[in-house]
Amino acid sequence: QVRVEESGGGLVQPGGSLTLSCVTSERALRLYTMGWYRQTAPGEKRELVAHINLDGSRDYPNSVKGRFTISKDIAKNSVYLRMNNLRPSDTAVYYCYAIGSDEPWGRGTQVTVSS
């Protein structure tokens, strides 16, 4: 079973930065594309904001491109999301997920961007 645990969220002012961390299994990092999703309200669809493929290639939607960077460290069983120049519209609960694993979602970490 693939388990994930997200951390690093918090309250930040517009223009600020945060780095989110996700601890998972080595198996997940070696078998699955890892993604960061966000959900702005309960019941809303989760939006994929970054993913990193097995070969290390990455992609982002236009809404975060140039501001967010995803990375992974297999030795630490971790995936990270560096978020710069944050906007109030980035406020959401952020989740890490092994895409295609069909595993339960983690609890996520809350990011609030507000002055």
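The values are calculated or read from the model by the stated rules, or taken from the named source; none is laboratory data. In this text the structure is predicted, and so the values were computed from the model without any measurement. Glycine also receives a Cβ, built like all others from the backbone with ideal geometry; neighbour counts cover every protein chain displayed. Quick note on the areas: whole protein, heavy atoms, side chains included, nothing else; ligands and nucleic acids left out. Shrake-Rupley method; radii C 1.70, N 1.55, O 1.52, S 1.80 Å.
How about segment 100-111: which of its residues are surrounded by 15 or more Cβ atoms within 10 Å (Cβ to Cβ) and not charged (D, E, K, R)? Across segment 100-111, the qualifying residues are SER101, GLY106, GLY108, THR109, VAL111. Of all the residues in segment 2-25, those that are open to solvent by less than 80 Å² (accessible area, probe 1.4 Å), under 15 Å from LYS76 (Cα atoms) and not in a strand (DSSP E or B) number 3. Of all residues in segment 71-114, those satisfying the criterion of being in contact (Cβ under 8 Å) with a residue 24 or more places away in the chain, on the phi > 0 side of the Ramachandran plot and not small (Gly, Ala, Ser) are ASN77, ASN85. Looking only at segment 32-43, count every residue that is open to solvent by 70 Å² or more (accessible area, probe 1.4 Å) and modelled with pLDDT of 95 or more and tell me the total. Qualifying residue count, segment 32-43: 1. Applying the criterion of being of a type in the set (A, V, I, L, M) and out of contact with any strand residue (DSSP E or B) (no Cβ under 6 Å at 6 or more places or on another chain) to the residues of segment 67-97, the residue that is surrounded by the fewest Cβ atoms within 10 Å (Cβ to Cβ) is ALA75.
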